[in-house]
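Novice: One structure, pasted below without further comment.
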Amino acid sequence: MLLLAATMALAVGVAACGSDDSNDSGDTGDTAAQVTDATLVLDFIPGAVHSGIYEAVQKGYYEDNGINLKIIEPTSTADTLKLIDAGKADFGIADGIDLATQIVDGRQAQGIMAIAQRPPGGLITLEEDGITDPKQLEGETVGVTGVPSDNAILDTIMADAGGSSDNVDVVTIGFNGVQALESGKVKAFTGFIPADGVQVEADGYPTKNFPLDEYGGPSYPGLVVFSTESKIGEDPELMQGFVDASVKGYQDALEDPAAAIDSLISQTQGIDKQLATDSFDAWVPLFGPADTFGQFNQDNLESLSTFMVDNGLADEPISPDRYATTEFTQPKE
């Protein structure tokens, strides 16, 4: 019996090898040489906003472009920025302001593709508290994560409503905004409305939200795929292949959200399908048109630069060309 099993195993192995050779027509070595290993570090835990990436993986779009993509979930949003800057990963996803901050700090970070055309951030409140105007938050407690841009968001929204954040009790709550709001510890918090706001709704608490770009703030790419200037210059083919595959994945997701959510869930763990579906629906208005997905709007990048300077987040303006390259997203003239 042992001899028979060994013989069968050997026969299967030989057959498998023969099959590979015939399918590859002797070009196995050449094909392997054309595949590039690449790493993408997410901005946070996998969620609906990343569904286009997972859809592209599911359909083999990265493989079609010669990329063996590995997706890494960071332990914190700061990890993404550090890993890319240290050259330990090829691509990262970051909030548009966080990317700008990296540039201000003298790092090589540069955007290659916009995932969201509008900022997802704003103030999130409970509908039951009856706050219909941000000015009503004067005298109340508002939570921020501790990231400097959160204070700029709060300042801008309050000022646009005719109020002042100086009259608000601002507390640092890290990334526990959802819990703090639901427990009554804060009357509002700064967060991503398509993610945090949707989570609060899913928990059974209707919300009233105040998006930054509807209350005095600029429209700018709220979520950006970035790399480093040196990596972009060294391997433009890798950049183009990644962008093309990702854009295709997101276009598919916009056409068939349910399939994209299934792709996300099948490759990750612990994601609630209904929550992911609701979150994706909330992200859709921020993605922009499918036919121009991923592109950068120069005027919006200038508006972001002005916002950074006006709020003390940058000493000097950031030129659109320094913030992001349009080489891989804009139509070739």
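Novice: Applying the selection to the stretch 172-208, what residues are closer than 14 Å to residue 154 by Cα, open to solvent by 40 Å² or more (accessible area, probe 1.4 Å) and either of a type in the set (Lys, Arg) or over 19 Å from the mean Cα position of the chain (by Cα) (or both)?
Specialist: 172, 187
Novice: Still on this structure: Checking residue 230 against (1) in contact (Cβ under 8 Å) with a residue 60 or more places away in the chain; (2) among the small types (Gly, Ala, Ser); (3) in contact with a helix residue (DSSP H, G or I) (Cβ under 9 Å, 6 or more places away or on another chain); (4) surrounded by fewer than 21 Cβ atoms within 10 Å (Cβ to Cβ): exactly one of these is not met. Which one?
Specialist: (3)
Novice: Criterion first (outside any helix (DSSP H, G or I) and either modelled with pLDDT of 95 or more or closer than 28 Å to residue 216 by Cα (or both)) does residue 241 satisfy it?
Specialist: No: the conditions fail for residue 241.
Novice: Exactly one of these conditions fails for residue 162: (1) part of a strand (DSSP E or B); (2) touching a helix residue (DSSP H, G or I) at 6+ places or on another chain (Cβ under 8 Å); (3) farther than 23 Å from residue 287 by Cβ. Give me its number.
Specialist: Of (1) part of a strand (DSSP E or B); (2) touching a helix residue (DSSP H, G or I) at 6+ places or on another chain (Cβ under 8 Å); (3) farther than 23 Å from residue 287 by Cβ, only one is false for residue 162: (1).
Novice: Answer yes or no as to whether residue 217 is modelled with pLDDT of 95 or more, in contact with a Leu (Cβ under 8 Å, 6 or more places away or on another chain), open to solvent by less than 40 Å² (accessible area, probe 1.4 Å) and not in a helix (DSSP H, G or I).
Specialist: When the stated conditions are applied, residue 217 does not pass them.
Novice: So, one more: Six or more apart or on different chains, Cβ under 9 Å: which pairs go from a residue in the stretch 125-136 that's assigned to a helix (DSSP H, G or I) and of a type in the set (Asp, Glu) to one that's modelled with pLDDT of 95 or more and loosely packed, with under 12 Cβ neighbours inside 10 Å? Could you list them?
Specialist: What qualifies is 127/206; 128/206.
Here is a yes/no grid of residues against (1) crowded, with 24+ Cβ neighbours inside 10 Å; (2) of a type in the set (Asp, Glu):
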| site | (1), (2) |
| --- | --- |
| 58 | no, no |
| 68 | no, no |
| 78 | no, no |
| 85 | no, yes |
| 101 | no, no |
| 113 | yes, no |
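Novice: Okay, moving on. Identify, by number, the condition in (1) assigned to a strand (DSSP E or B); (2) in contact (Cβ under 8 Å) with a residue 40 or more places away in the chain that residue 68 doesn't meet.
Specialist: (2)
Novice: Can you name the condition, by its number, that residue 240 falls short on among (1) open to solvent by 50 Å² or more (accessible area, probe 1.4 Å); (2) over 17 Å from the mean Cα position of the chain (by Cα)?
Specialist: Single failed check for residue 240: (1).
Novice: Name the helices (runs of 4 or more DSSP H) wholly within the stretch 262-333 that hold at least 3 residues that are surrounded by 15 or more Cβ atoms within 10 Å (Cβ to Cβ) and of a type outside the set (Ser, Thr, Tyr)?
Specialist: 273-287, 298-310
Condition check ((1) under 24 Å from residue 306 (Cα atoms); (2) at pLDDT below 95; (3) open to solvent by 50 Å² or more (accessible area, probe 1.4 Å)) across all residues:
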| site | (1), (2), (3) |
| --- | --- |
| 128 | no, no, yes |
| 132 | no, no, yes |
| 141 | no, no, no |
| 144 | yes, no, no |
| 149 | yes, yes, no |
| 154 | yes, no, no |
| 163 | yes, no, no |
| 169 | no, no, yes |
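The values are calculated or read from the model by the stated rules, or taken from the named source; none is laboratory data. As the structure is a prediction and not an experimental result, all values here were calculated from the model. All Cβ positions, even for glycine, are placed from backbone atoms using ideal geometry, and neighbour counts span all protein chains on display. Ligands, DNA and RNA are stripped out before the accessible areas are found, and what is left, the full protein with its side chains, is counted by its heavy atoms. Shrake-Rupley method; radii C 1.70, N 1.55, O 1.52, S 1.80 Å.
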